Amino acid sequence: LGESEVGHFSDGEVCASIYETVRGSDIFLIQSTCSPVNDNLMELLIMIDALKRASAGRITAVMPYFGYARQDRKTKPRDPISAKLVANLITRAGADRVLTMDLHANQIQGFFDIPVDNLLGSPLFVNEFFRKYAAIQDETMVVSPDVGSVARARAFAQKLAMPLAIVDKRRQKANSSEVMNIIGDVRDKHVILLDDMVDTGGSLCHAAKALVDIGKAKSVTACATHGLLSGPAVQRISDSVLDEVVFLDTIPPKPGMKCDKIRYISVAHLFAEAISHIYEETSVSRLFS
């Protein structure tokens, strides 16, 4: 672990100090750009710049969670495409490669002019739920919380050898959703809801409620790679019909968070293996299976 320090001046500006030589070194700079997103992003950019000016050999930005990923297209006139702007900033700052996990849209890899390795979190969930539901596999289903997540959920269901259902919802405005219908028969089934991230928790909790109330599911467990848990998310999960929500620790758990339904799985070993392959310049493709 490198000797360095990141701090702030009295006016809020970020400052970075590197306390050892990095000349010609292969640097892996680990920073999830989660809340506070802008502070963490600036810390990352300034550290990259400091290392580049110190003649580092190669700089890999390891971003377990890539902030601004949901702003990946224009949904109405005069909208920004902030994910592309952030990609430009990271590239221009001097990063030579990006290592991340479960981008909100895989196309974001094309926003970069440098190599991007987008690791998948689903193999970790496959291992977890294969053991948990081995005895009742025939009574278990994977459910996609919306139509946009079907491809991800289908691949997950195939690995678990389970059928797939879909919650069809209509989003009226940002951070709110209205469940409309359930495509598939989940009656008396143990349901696994799979998503890439949980922000305010509204969509997840509404989908779980619909699966129990409308679909008559026996139980609902959820899993998501990134647990942003903004605003009332933790309380919503506590009050919901969900039995358990499993996150990967790409975003650190909130300090003092108390919720018996939330559990975390570490991604440290997966990122460590990816970093090792990048450093040794060997293939990382087997980490995607």
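The values are calculated or read from the model by the stated rules, or taken from the named source; none is laboratory data. Everything numeric here is computed off the predicted structure, so don't read it as measured data. Quick reminder, even Gly has a Cβ in these numbers, built from the backbone with ideal geometry, and neighbours come from all protein chains shown. With ligands, DNA and RNA removed, areas are computed over all heavy atoms of the protein, side chains included. Shrake-Rupley method; radii C 1.70, N 1.55, O 1.52, S 1.80 Å.
Peptides 70-81, 237-248, 199-210 ordered by packing proxy, namely the average of other Cβ atoms within 10 Å per residue, highest first: 199-210, 237-248, 70-81. Taking Cα atoms only, the orientation of helix 122-132 departs from the longest principal axis of the chain by about 40 degrees. Only the Cβ atoms of Lys and Arg (+1) and of Asp and Glu (-1) were treated as charged; on that basis the dipole of the range 1-79 about its Cα centre amounts to roughly 600 debye.
Here the chain has 51 percent of its accessible surface on carbon and sulfur atoms, given a 1.4 Å probe and all protein chains in place.
The relative contact order of the chain comes to 11 percent, based on Cα pairs under 8 Å that sit 6 or more residues apart.
Using the Cα gyration tensor of the range 9-109, with a ≥ b ≥ c the square roots of its eigenvalues, what is the shape: rounded (a/c below 1.5), prolate (a/b larger than b/c) or oblate (neither)? Verdict is prolate for the range 9-109. Since only Phe247, Gly184, Ala161 are under comparison, the one whose Cα sits farthest along the positive direction of the charge dipole of the range 154-270, derived from C-beta charges on Lys, Arg, Asp and Glu, is Gly184. With helices as the sole contributors, the chain gives -9000 deg cm²/dmol at 222 nm; each DSSP H run of n ≥ 4 counts as -39500 (n - 2.57), and the sum is divided by every residue. Once backbone amide H atoms are built at 1.01 Å from N, Ile262 has Val245 as its partners under 5 Å, excluding neighbours fewer than 5 places away on the same chain.
Its Cα centre serving as origin, the chain has a Cβ charge dipole (Lys and Arg +1, Asp and Glu -1) of approximately 940 debye.
Between 0 and 90 degrees, rounded to the nearest ten: what's the tilt of helix 82-93 against the longest Cα principal axis of the chain? Value to nearest ten degrees: 30.
Starting from the Cα gyration tensor of the range 107-266, take the square roots of the eigenvalues, sort them a ≥ b ≥ c, and report rounded, prolate or oblate (rounded when a/c is under 1.5, otherwise prolate if a/b is larger than b/c, else oblate). Note, shape of the range 107-266 comes out rounded.
In degrees from 0 to 90, rounded to the nearest 10, what is the angle of the helix 268-280 Cα long axis to the longest principal axis of the chain? On a 0 to 90 degree scale, this one is about 40.
Please work out whether the range 63-123 counts as rounded, prolate or oblate from its C-alpha gyration tensor, where a ≥ b ≥ c are the square roots of the eigenvalues and a/c under 1.5 means rounded, while otherwise a/b larger than b/c means prolate and anything else oblate?
Verdict is oblate for the range 63-123.
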